[in-house]
Amino acid sequence: MTIPPAPNHPALPPSPPEAPAHADQQRQVATRVWPQVIESAQTVLTALMLAFVFRSFFVEAFIIPTGSMAESLLGQHGVLVCPNCGWEIDYGPEAGTAGRDRAFQPPELLRCPNCHTRLELRGTRPVVKAGDRILVHKWPYILGGAFEPQRWDVIVFRDPSNPAQNYIKRLVALPGEAIEIVDGDVFIKPPGASRFQIARKTPAAQSMLWFIVFDQNHLPEDVVSTGRNPVWVRQSPASQTPAGWSDLDTRTIRCTAHDDLPRALVFEPGDNRGYLQDVYGYNHGSAGNYVGDARILADLTVTDGAGTLRWELVRDGRRFAACLGCDGSVSLTLAEPGEQEVVLASTRIAALTDGRPRRFEFAHLDYRVYLKIDGREVLATTEQQYAPDLATLRQTWRVAPLGLRIVARNISLEMSSLRVDRDVHYAYSRTNTQRAYAGAAFHLHDGEYFVLGDNSPNSADSREWQRVGVNLRQAAADGSYQVGTVRADQIVGQAFFVYLPGLLPVDQKGDWRIPDLGRVRFVR
């Protein structure tokens, strides 16, 4: 049987193969992703350009490599707690050794700047911290005018002997000035002036330039356990009753005096002549100079009496005294050698017998004597009352330490947090100092600055430079650059913030590090 053919219907075009669903998804993804990639790349490039511009003109980060600015700013350093007094010592590497943590070589001997105990580090494994990391802003100096570098700024600049290396120092003399460093102080003669004047530090800079002499809160263990004479000792008439100063081997010193006999407490470290010298724990010792500027600080609480407490400071035979009366009377006096005491200034505060503790600070600083109470200056000498005799200072060297004394009459009191600090002392070295020392004033040209390191005995700065880099050789040859100065066009900017203080290794290899966030601070 024959099967008839199927009816002849018109032919339909063949259906295209059905596209997989994921192909459409890929096209849609590609359509969305590529613009995002391009946009992200543009964002990254823009961010990089902005970061480059920001770094070039506004703020740049640096790491402190050495200890020339210690204790204000620290390079790579070791940390040790004195076993005798508990003072934390930041110390630099052995001379001539520096670099990465694993290359850090501690000194064989170290002197505690508070109790002066000699500590042997030979064979010990030091706890090493990296240098402080700082931020430097550039835009104020770029603007110029009122924003130009100021005296006592901490600046970063290109090393005059190597333009690839950055240095950090404190600016102390400005263009056109003459500078002379005498007895550790900076003297300046401004352009057109007829005589030199002392360059007093700003309060912010001075806050970083006090160095510890002795802190009663960190009493040496050998004073407490062996009965060795404390640093503060009694100096009273032999005939007086036992009542007077007591608890000298504790953190809180007391005085009980119910008569007008003078009961004195004297800063007298005995045979240890290192006190009141320019001792730097970072440098493992002292340059051997007695420092002429110091301050006494204490929290004072008067518990009874109607008498007085005198803070006395003797320098070069002159005796300055701040006399505090229980009734609130306050006076500042001066006794010249061989002369009677005269009152320089006086004022009145609230009576001291209210049982409230007060913070007292009495200081000789840059040929100015002042008294502060609770952080506020209440009395100070004037230029007419007390000023340096530069001609005499040029001919003499300090041969005796300051005299510090506290005298009580008819008063009962408690004194805690008693402390002595000394000012930075810009040292002179017969072998290294080239300029600006006593009798050798150095004159700055236009656009030139003079810089010093806070760690004075261990700072290669304007006093010592002798080499000139390739970028300044022609300028030095034609007289447009003086060796020992920093030119304005070599200044990078002003250091203003320690954003990451010395990192501390926390494992035996020293590879893991944590920041010492307690020392994040502004640079002053």
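Scanning segment 219-232 for residues that are closer than 17 Å to residue 401 by Cβ and modelled with pLDDT of 90 or more yields a single hit, 232.
Could you list, in sequence order, the residues of segment 108-124 that are in a loop (DSSP other than H, G, I, E, B) and among the charged types (D, E, K, R)? Can you show your working first?
At the first step, the residues of segment 108-124 found to be in a loop (DSSP other than H, G, I, E, B) are 108, 112-117, 121-124.
If the condition is that a residue be in a loop (DSSP other than H, G, I, E, B) and among the charged types (D, E, K, R), then 108, 122 are the ones that fit.
Filtering segment 350-369 to residues that are under 17 Å from residue 422 (Cβ atoms) and either without any contact (Cβ under 8 Å) to a residue 12 or more places away in the chain or among the basic types (Lys, Arg) (or both) leaves only 368. Please work out which residue is nearest to residue 472 (Cα to Cα), limiting yourself to segment 439-458 and to residues that are under 25 Å from the mean Cα position of the chain (by Cα) and part of a loop (DSSP other than H, G, I, E, B). Restricting to residues being under 25 Å from the mean Cα position of the chain (by Cα) and part of a loop (DSSP other than H, G, I, E, B), the top hit is 453. In segment 332-344, the residues that are among the acidic types (Asp, Glu) reach residues that are in a strand (DSSP E or B) with C-beta atoms within less than 9 angstrom, at least six apart or across chains, in these pairs: 336/318; 336/319; 336/342; 341/319; 341/321; 341/333; 341/334; 341/335. In segment 386-435, the residue that is nearest to the chain's Cα centre (by Cα) out of those that are within 27 Å of residue 207 (Cβ to Cβ) and basic (Lys, Arg) is 422.
Does at least one position in segment 500-508 carry a residue that is surrounded by fewer than 21 Cβ atoms within 10 Å (Cβ to Cβ) and either modelled with pLDDT of 90 or more or touching a helix residue (DSSP H, G or I) at 6+ places or on another chain (Cβ under 6 Å) (or both)? No; the residues of segment 500-508 include none that is surrounded by fewer than 21 Cβ atoms within 10 Å (Cβ to Cβ) and either modelled with pLDDT of 90 or more or touching a helix residue (DSSP H, G or I) at 6+ places or on another chain (Cβ under 6 Å) (or both).
If you check residue 467 against the conditions, is it modelled with pLDDT of 95 or more and part of a loop (DSSP other than H, G, I, E, B)? So residue 467 does not fit the description; no.
If you go through segment 83-97 and keep only what is touching an Asp or Glu at 6+ places or on another chain (Cβ under 8 Å) and modelled with pLDDT of 90 or more, you end up with 83, 84, 85, 87, 90.
What about residue 212, is it crowded, with 21+ Cβ neighbours inside 10 Å and part of a strand (DSSP E or B)? The answer is no for residue 212.
Can you tell me which residue is farthest from residue 408 (Cα to Cα) among those in segment 246-260 that are modelled with pLDDT of 90 or more and either in contact with a Ser or Thr (Cβ under 8 Å, 6 or more places away or on another chain) or not assigned by TED's automatic domain parsing to the domain that holds residue 305 (or both)? Filtering segment 246-260 for residues that are modelled with pLDDT of 90 or more and either in contact with a Ser or Thr (Cβ under 8 Å, 6 or more places away or on another chain) or not assigned by TED's automatic domain parsing to the domain that holds residue 305 (or both), the one farthest from residue 408 (Cα to Cα) comes out as 251. Only residues that are in contact (Cβ under 8 Å) with a residue 60 or more places away in the chain and of a type outside the set (A, V, I, L, M) were counted in segment 109-147, giving 16.
Within segment 380-406, track down each residue that is within 24 Å of residue 212 (Cα to Cα) and crowded, with 19+ Cβ neighbours inside 10 Å.
If we filter segment 380-406 for residues that are within 24 Å of residue 212 (Cα to Cα), which is where we start, we get 380, 397-406.
401, 402, 404, 405, 406 - these are the residues of segment 380-406 that are within 24 Å of residue 212 (Cα to Cα) and crowded, with 19+ Cβ neighbours inside 10 Å.
Look at (1) within 15 Å of residue 381 (Cβ to Cβ); (2) of a type outside the set (A, V, I, L, M); (3) assigned to a strand (DSSP E or B) and you find that residue 254 fails only one, number (1). Taken over segment 150-173, the residue count meeting the criterion of being over 17 Å from the mean Cα position of the chain (by Cα) and closer than 14 Å to residue 136 by Cα is 3. With a requirement of 3 or more residues that are hydrophobic (A, V, I, L, M, F, W, C) and at pLDDT 95 or above, the strands (runs of 3 or more DSSP E) lying completely within segment 280-325 that satisfy it span 294-315, 318-325. Only residues that are without any contact (Cβ under 8 Å) to a residue 24 or more places away in the chain and either more than 19 Å from residue 453 (Cα to Cα) or not assigned by TED's automatic domain parsing to the domain that holds residue 459 (or both) were counted in segment 149-182, giving 1. When residue 414 is tested against (1) surrounded by 15 or more Cβ atoms within 10 Å (Cβ to Cβ); (2) under 30 Å from residue 76 (Cα atoms); (3) of a type in the set (Asp, Glu), exactly one condition is not met: (2). Mind checking whether some residue in segment 338-361 is surrounded by 18 or more Cβ atoms within 10 Å (Cβ to Cβ), under 27 Å from the mean Cα position of the chain (by Cα) and on the phi < 0 side of the Ramachandran plot? Taking every residue of segment 338-361 in turn, at least one turns out to be surrounded by 18 or more Cβ atoms within 10 Å (Cβ to Cβ), under 27 Å from the mean Cα position of the chain (by Cα) and on the phi < 0 side of the Ramachandran plot.
The values are calculated or read from the model by the stated rules, or taken from the named source; none is laboratory data. If you're wondering where the values come from, they're calculated on a predicted model, not measured in any experiment. As a convention, Cβ positions derive from the backbone with ideal geometry for all residues, glycine included, and neighbour counts pool all protein chains shown.
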